[in-house]
Amino acid sequence: MADGFYSNIPTRTVQLILSDEEKLSLEQAILDGLARIGTDRKIDAILDLVCTEMSEAFRDCLSSGHRAAIQDFRRNKDALALHISNTPRLAEEDIPPTPYRRPDAATERAMLRSDAKVLGLIGLAGFTPFASPSENQGYAFRNVLAAAGKEESQSSHGSAEFGLHMDNPSAELSSEAPACMQVPRILAFDCIRNFENIPTELERTISVLNEIKHGAFKYLAHRAFAIEPPQSNEVSIYAPSRRPTPLLEEDDEGNLVLRYDPTSVSLHDPDPRYQKTLANLQAVLAKTVPSSQITLQPGHFLMFKNRQVLHMRRAFNPLEDRDQSRWLRRLYAV
């Protein structure tokens with residue numbers, strides 16, 4: 001392409017389509033599980049309990065092949081995203097308006113079955129959900145939408161273009177840190193609405209790194225950069241901002257992690273070598289055409305490995321009827 005290049009290694013997405021029997025079994029398991037647990041408490045108060053209950057129930061709902069694909073996802077180094085295109089979804093009459101102003105308690109209660117589904121699937125894959133105390137007022141599930149007054153922000157509450165990035169790049173990589181302090185290992189999404197047909201675009205981190213000039217590559221691992229908390233963070237719980245930090249590190253599973261968010265990264269050391277390195281990285285990212293574009297629709301579930309995949313959102317115009325505009329539910333897990 002004249003204006004960009006395609007990465008040489010496509011982002012591998014595990015694609016699953018459930019049978020009608022599997023879908024009905026999951027739906028019944030969600031209803032039965034919530035009846036046992038009770039629905040009088042907020043999801044954040046019973047996050048781990050719902051995750052455990054649902055993941056155990058889901059094992060008996062899925063075919064052996066689908067169950068194995070989900071359970072193998074975490075340790076499968078080649079699989080970087082998992083997409084199920086027909087999970088149980090709420091009936092249209094049960095879905096509240098998109099909470100583009102501010103969600104209320106009734107909206108959150110209406111999402112309980114959706115949230116339970118997401119918790120069961122990520123639990124079945126061996127991940128542990130958590131809420132980041134630095135954003136979303138400490139709640140685990142984030143509404144991804146064009147929020148009133150924030151449309152131009154480069155965050156999950158904006159509709160402006162948000163270039164290739166990872167979530168929470170200023171957090172800790174060590175699994176010894178509390179889960180809420182770690183860089184999420186996965187992002188999980190349930191699509192509530194997407195009439196605008198905005199895709200979620202994914203690119204392997206290693207494919208981006210392969211395009212970095214050889215002389216500049218080593219400088220990404222130097223403590224010469226500053227990483228501020230992203231725009232979605234309301235408060236910073238992480239170590240002092242603007243501490244010298246490498247952009248490229250290895251985590252405890254051997255993954256090369258590129259700590260990058262266009263709104264968060266700057267230079268700490270003004271040395272020209274690091275200026276050129278950051279400029280080279282930004283030029284590569286600007287030219288990269290993500291190898292995977294997934295247009296989520298209601299009932300679609302998606303999770304991807306945040307430490308091994310960069311993701312982006314193109315600019316879009318929310319529907320004029322904002323009550324029906326794009327709305328995803330997002331959850332972090334480690």
Worksheet item: Could you give every pair whose Cβ atoms fall below 6 Å, whose first residue belongs to the stretch 187-203 and is in contact (Cβ under 8 Å) with a residue 60 or more places away in the chain and surrounded by fewer than 24 Cβ atoms within 10 Å (Cβ to Cβ), and whose second residue is of a type in the set (A, V, I, L, M) and part of a loop (DSSP other than H, G, I, E, B), counting only separations of at least 6 or pairs across chains?
Response: ASN194/LEU296; PHE195/LEU319
Worksheet item: PRO270 passes all but one of (1) surrounded by 20 or more Cβ atoms within 10 Å (Cβ to Cβ); (2) free of Cβ contacts under 8 Å to residues at least 12 places away in the same chain; which number fails?
Response: (1)
Discussion item. Cβ-Cβ distance below 7 Å, separation of 6 or more or different chains: which pairs start in the stretch 156-181 with a residue that is buried (at least 19 other Cβ atoms within 10 Å of the Cβ) and end on one that is in a helix (DSSP H, G or I) and modelled with pLDDT under 95?
Written reply: ALA171/MET181
Worksheet entry | Where ALA116 falls short, out of the listed (1) under 24 Å from SER155 (Cα atoms); (2) out of contact with any strand residue (DSSP E or B) (no Cβ under 9 Å at 6 or more places or on another chain); (3) not in a loop (DSSP other than H, G, I, E, B) | (1)
Fill in: Extreme residue, surrounded by the most Cβ atoms within 10 Å (Cβ to Cβ), among residues of the stretch 34-50 that are free of Cβ contacts under 8 Å to residues at least 12 places away in the same chain and under 22 Å from the mean Cα position of the chain (by Cα)
ILE46
Item to complete: Filter the stretch 127-152 down to the residues that are in a loop (DSSP other than H, G, I, E, B), closer than 29 Å to GLU56 by Cα and of a type in the set (S, T, N, Q), then identify the one that is modelled with the lowest pLDDT.
Response: SER132
Worksheet item: Out of all the residues in the stretch 157-202, which are in contact with a helix residue (DSSP H, G or I) (Cβ under 9 Å, 6 or more places away or on another chain) and either modelled with pLDDT of 95 or more or within 14 Å of PRO262 (Cα to Cα) (or both)?
Response: GLY163, LEU164, HIS165, MET166, ILE186, ALA188, PHE189, ASP190, ILE192, ARG193, PHE195
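The values are calculated or read from the model by the stated rules, or taken from the named source; none is laboratory data. Please read these numbers as outputs of a predicted model, since none were measured by experiment. A quick note on method: Cβ atoms are made from the backbone with ideal geometry, for glycine too, and the neighbour counts reach across all protein chains shown.
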